[in-house]
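Bear in mind that the values in this text are calculations on the coordinates, not laboratory data. Here the structure is a predicted model, which is why all the values come from computation and not from measurement. In this analysis, Cβ positions are derived from the backbone assuming ideal geometry, glycine residues included, and neighbour counts consider all displayed protein chains.
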Amino acid sequence: MEVGIMPVKYTHEQRRAKFWEKVYIPSLLACWVWQGYKNPQGYGQLHVADRRQVRAHRMAWEIVYGPIPKGLHCLHKCDNPSCVNPSHLYIGTNLDNVRDRMNRNRQSYTKGEKNGKSKLTDDKVKEIRDLLKAGHTQQSVANQFNVSRPLIGYIKRGVIWKHLKQHQTEGRSCQIVQSH
């Protein structure tokens, strides 16, 4: 047998049956939880015959209602990424998806030290700003904190870590006054 060729071609009904075998259904109104593989964000995921990866809730929608129009998303009413209950799903635009995510406070970005990938803490960023104001070079500060020089430049220009207020003097923000 050749490598990469699936030995068995499943019929549509067999694929449908195999899909629902991986779903826990506690009741008709509850979330139907995908029991197969889940990605790090908690969405069920599976491979289909042409070896594409498909999210389980999209597959559930397509099994019950038919194809999802190109460019549209399959969204959750229940805010449970592993739910595949078709009555908890709806079709929407990318804008609908973004609004839904914002309304539910599920943005994938987290600012500052609360972001698990951050190498810096709020206190370290304040220290970096102090060192830069004292005349240290971006490269020397980058070396000291084991980060890249461009990262230090972004901090200096306020591109990132802007949620931390710049240092204030006597309760007022420092302002640069230019004379003409």
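For the reader, a short list of remarks on this structure follows.
- Of all residues in segment 82-96, those that are buried (at least 18 other Cβ atoms within 10 Å of the Cβ) and either touching an Asp or Glu at 6+ places or on another chain (Cβ under 7 Å) or closer than 16 Å to Tyr24 by Cα (or both) total 5.
- Among the residues making up segment 124-161, those that are without any contact (Cβ under 8 Å) to a residue 40 or more places away in the chain and out of contact with any helix residue (DSSP H, G or I) (no Cβ under 9 Å at 6 or more places or on another chain) are Asp130, Lys133, Ala134, Gly135, Asn146, Tyr154, Arg157, Gly158.
- Strands (runs of 3 or more DSSP E) wholly inside segment 22-123 containing at least 3 residues that are within 30 Å of Ile155 (Cβ to Cβ) and in contact (Cβ under 8 Å) with a residue 40 or more places away in the chain: none
- Of all residues making up segment 10-39, the number that are in contact with a helix residue (DSSP H, G or I) (Cβ under 7 Å, 6 or more places away or on another chain) and among the aliphatic types (A, V, I, L, M): 0
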